[in-house]
1. Among residues belonging to region 188-198 that are out of contact with any Ser or Thr (no Cβ under 7 Å at 6 or more places or on another chain) and within 19 Å of L100 (Cβ to Cβ), point out the one that is surrounded by the fewest Cβ atoms within 10 Å (Cβ to Cβ).
2. Report those helices (runs of 4 or more DSSP H) wholly inside region 53-164 carrying at least 2 residues which are among the aliphatic types (A, V, I, L, M) and free of Cβ contacts under 8 Å to residues at least 12 places away in the same chain.
3. Give the residues of region 226-244 that are under 15 Å from A178 (Cβ atoms) and either charged (D, E, K, R) or buried (at least 20 other Cβ atoms within 10 Å of the Cβ) (or both), sorted by residue number.
4. Looking only at region 230-282, filter to residues that are aromatic (F, W, Y) and in a helix (DSSP H, G or I); which one of those is nearest to I173 (Cα to Cα)?
5. Check L204, L222 and return the single one that is in contact (Cβ under 8 Å) with a residue 24 or more places away in the chain, farther than 30 Å from I135 by Cβ and under 19 Å from the mean Cα position of the chain (by Cα).
6. Which count do you get for residues in region 160-169 that are surrounded by fewer than 18 Cβ atoms within 10 Å (Cβ to Cβ) and within 22 Å of L270 (Cα to Cα)?
7. Which of the residues that make up region 75-121 are of a type in the set (D, E) and on the phi < 0 side of the Ramachandran plot?
8. Take Y175 and decide whether it is more than 19 Å from V260 (Cβ to Cβ) and either touching a helix residue (DSSP H, G or I) at 6+ places or on another chain (Cβ under 6 Å) or at pLDDT below 95 (or both).
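The values are calculated or read from the model by the stated rules, or taken from the named source; none is laboratory data. Only a predicted model underlies this, so the values are computations on that prediction, with no experimental measurement involved. Because the Cβ atoms are built from the backbone with ideal geometry, glycine has one as well, and the counts that use them run over all protein chains shown.
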Amino acid sequence: MRLTAQSFRQWENKSITLLGMSGVGKTRLSNILMSRDWFHFSGDYRIGTRYLDEPILDNIKSQMMQIPFLRDLLRTDSIYIKNNITVHNLNPVSSFLGKLGNPKQGGLALNEFSRRQELHRLAEIAAMKDVPEFIHKAQNIYGYKHFINDAGGSLCELDDHQVYEHLFEHTLILYIKASKQDEEALIQRAKNDPKPLYYRDSFLVEQLAIYLQQLSIEYVALIDPDEFVRWIFPRLFYSRIPRYEAIAEQYGYTVTTEDVAKVTDEASFLEMIESAIKHQHN
């Protein structure tokens with residue numbers, strides 16, 4: 001939604017969507033606000049606990065079935081498997097997404113990788129469509145005054161304007177743009193610790209072809225999964241920036257990671273948003 005600084009200040013029950021790459025400070029802001037009567041809605045947590053719970057468990061069970069001792073226990077219902085996903089532990093979601101490449105190094109075949117990517121895309125869309133319901137729950141069931149939607153870093157990849165319009169209708173969208181210094185830090189972090197990522201299909205197809213050609217690799221099964229993530233992450237990062245900016249320009253407001261770093265409490269968070277609103281109106 002679009003507001004003036006004054007109308008934002010007078011907005012009794014504020015609802016904010018935080019948009020940006022993983023690592024720009026979305027969850028840090030959410031943690032600051034949680035102690036000040038804000039309900040924290042984590043898009044990734046909702047994806048893992050509601051929409052990908054069964055596929056995640058099926059993936060874990062398929063791995064366990066390869067171990068004779070555990071296979072027998074599973075088939076006789078002697079053990080029970082349950083996800084332990086929390087806002088601060090989303091490892092089961094990452095392990096399900098997986099990495100593309102050599103199966104001997106934990107990689108996935110392209111068809112299976114693409115299948116999981118599509119499941120994640122649909123789950124993220126569904127999670128974002130749940131936001132109005134959780135705004136209502138936050139206020140009317142749990143008694144929270146305000147609502148913060150900590151959206152996943154891949155939100156800009158969905159190519160679904162209904163989702164963005166849906167969030168625009170119910171929340172103020174705030175894009176956190178990484179400074180040049182923070183861009184470099186995020187890219188280096190990804191290279192040091194390559195994690196599973198979501199890629200829109202057209203981007204993956206294009207970049208995979210380039211990677212295979214550059215390294216003279218004939219088959220996806222010969223790709224080192226971690227090395228592929230290290231190679232593709234900077235390209236993914238910079239491909240997402242114009243997408244974030246387009247969403248912010250049409251539906252929201254922009255702040256920087258340097259602005260976010262100065263936020264220490266609810267008052268400074270609200271001041272940051274008011275400043276962003278005033279800047280855009282100017």
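1. The initial filter retains those residues of region 188-198 that are out of contact with any Ser or Thr (no Cβ under 7 Å at 6 or more places or on another chain), namely 188-194, 197.
Next, from what is left, pick out any that are within 19 Å of L100 (Cβ to Cβ): 190-191, 193-194, 197.
Details: A190: 21, K191: 15, D193: 10, P194: 19, L197: 21.
The selected residue is D193.
2. The helices (runs of 4 or more DSSP H) meeting that bar are 68-75.
3. Correct list: L236, R240, R243, Y244.
4. Going through region 230-282, the residues aromatic (F, W, Y) turn out to be 231, 233, 237-238, 244, 251, 253, 269.
Then drop every residue that is not in a helix (DSSP H, G or I), which leaves 231, 233, 237-238, 244, 251, 269.
Working: W231: 31, F233: 25, F237: 20, Y238: 20, Y244: 11, Y251: 7, F269: 14 Å.
Applying the filter and picking the extreme gives Y251.
5. L204
6. Within region 160-169, residues that are surrounded by fewer than 18 Cβ atoms within 10 Å (Cβ to Cβ) and within 22 Å of L270 (Cα to Cα) number 1.
7. Passing the criteria: E112, E118.
8. Criteria not met by Y175.
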